[in-house]
Amino acid sequence: MSTAISRTKNRTESRTMKPTPGGRRSARPDRAAWTFLLPFVALFLFTFVLPLGYAVYQSMLKPVRSGALGLGPATVGFAGLDNYSLALQQSAFLESFARVLLFGVVQIPVMLMLATALALALDTLSHRWAGILRAAYFLPYGVPGVIASILWGFLYVPGVSPVVDLLGRVGLAPDFLGYDSVLWSIANIVIWEFAGYNMLVIVAQLKAIPQELYEAARIDGAGAWQTAIRIKLPLARPALVLTGVFSIIGTLQLFAEPLVIKPLTSTVTSSYTPNLSAYNEAFANNNIYLAAAESVILALVASVLSFGFLSLVNRGKGRDAR
């Protein structure tokens, strides 16, 4: 069998490698590969690079007033880095970054641990029950974020929520929308929405583990717990890293949940998160240039944190390999 696989691999390589005039074969992809890549490259440029470049361009503009007392028609002038300087001088904008960073430090580990525990549990169940429970856990992800926030928002409001009434009967009076607790109430909504999605990614990675490893572990006398700790979790590392990066980016883009909760409590302000601050500048204060600068800053922070996280886990992976 291994001989057949080796022959197939050699035939594949001989088709993909182009001969050079010197008789040596080149590993460069042929035109067919570039043809297949072209739609992705075009889509990437149109949906990512072009909007990002336009946002950077907008962030370096400013309205220029003319006439006596600035009452004349406004024109657009070059602002340089003034919008970035103004954004970084706004205490509310900086506090929003601190708030989402605190949110992410707590919410991301809790959500990933919950998703990992659910994935490990489903991996040990029979196919029938695993399929039913997998669909049940994934169902919250199918609910739009706005609808989920409205549902949970009503569960947080005293006098409307049966949960608050029930806790009140046993002597508890939680204030889910208070200043100290509303951030964690939003975290609860996000965990409810995305734990099932992350669980599916981890389950897919667990299903890719060769069954021979499980059989070898059983022969060596490993129990379910040892198999999970020594085989499943280390081999599920790529999925955990992927869900970690997605969670970091999603945390910095926190928007729909606080926007929906905002009318229910005065503790959520119009600059509660960086995304809400940029939205408020663009559509409430009509300052699209400052909003563009805040958006670019948010994109830079998301990139730094995501690549920093990847660098950290890859460094740990290299150390483990040594």
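State the answer as a single residue: which of Tyr197, Thr75, Ala135 lies farthest towards the positive end of the charge dipole of segment 65-209, with beta carbon charges of +1 for Lys and Arg and -1 for Asp and Glu, about the Cα centre.
Result: Ala135, furthest along the dipole toward the positive end.
With charges set only on the Cβ (+1 for Lys and Arg, -1 for Asp and Glu), what does the dipole of segment 60-207 come to about its Cα centre, in debye to the nearest 20?
Dipole about the Cα centre, nearest 20: 320 debye.
Evaluate the relative contact order of the chain (contact order divided by residue number), counting alpha-carbon pairs under 8 angstrom at least 6 apart; express in whole percent.
Across the chain, relative contact order equals 22 percent.
In debye, nearest 20, what is the charge dipole magnitude of segment 201-322 about its Cα centre with +1 on Lys and Arg Cβ and -1 on Asp and Glu Cβ, if you could check?
460
Any idea what the dipole of the chain comes to, in debye rounded to 20, about its Cα centre with Lys/Arg Cβ at +1 and Asp/Glu Cβ at -1?
In debye, rounded to 20, the chain gives about 1800.
Hey, what's segment 209-322 come to in accessible area per residue, 1.4 Å probe, Å²?
With the other protein chains kept in place, segment 209-322 gives 55 Å² per residue.
What's the percent breakdown of Cα-Cα distances in the chain across 10 Å bins, shortest bin first?
The calculated distribution, bin by bin, is 5, 17, 22, 23, 17, 10, 4, 1, 0.
Just the number, please: carbon plus sulfur as a percent of the accessible area of segment 79-221, 1.4 Å probe, no ligands or DNA/RNA counted.
69
Which helices of the chain meet both criteria: a Cα extent of 20 Å or more along the helical axis and a mean Kyte-Doolittle score no lower than -1.0, with helices taken as whole DSSP H segments?
Length and hydropathy pass: 91-124, 127-142, 182-207, 237-252, 288-321.
How many lysine pairs in the chain, separated by 8 or more positions in sequence or lying on different chains, have Cα atoms less than 28 Å apart?
Eligible lysine pairs with Cα atoms under 28 Å apart amount to 5.
Using a 7 Å offset from the Cα along the Cα-to-Cβ direction at both Leu38 and Ala216, what is the distance between the two label points in nm, to one decimal?
Label-label distance for Leu38 and Ala216, simple model: 4.6 nm.
Projecting each Cα onto the charge dipole of the chain (Lys/Arg +1, Asp/Glu -1 at the beta carbon, about the Cα centre), which of Phe176, Ser277, Leu233 comes out farthest on the positive side?
Checked the options; the winner is Leu233.
Return the carbon/sulfur percentage of the accessible area of segment 223-322, one whole number, probe 1.4 Å, all protein chains in place.
63
Using a 1.4 angstrom probe on the protein heavy atoms only, could you order Ser149, Ser266 from most to least accessible area?
From most accessible down to least: Ser266, Ser149.
The values are calculated or read from the model by the stated rules, or taken from the named source; none is laboratory data. Computed from a prediction, not measured in an experiment: that's the story for all the values here. All Cβ positions, glycine included, derive from the backbone under ideal geometry; neighbour counts span all protein chains shown. Calculation scope for accessible area: heavy atoms of the full protein, side chains included, ligands and nucleic acids excluded. Shrake-Rupley method; radii C 1.70, N 1.55, O 1.52, S 1.80 Å.
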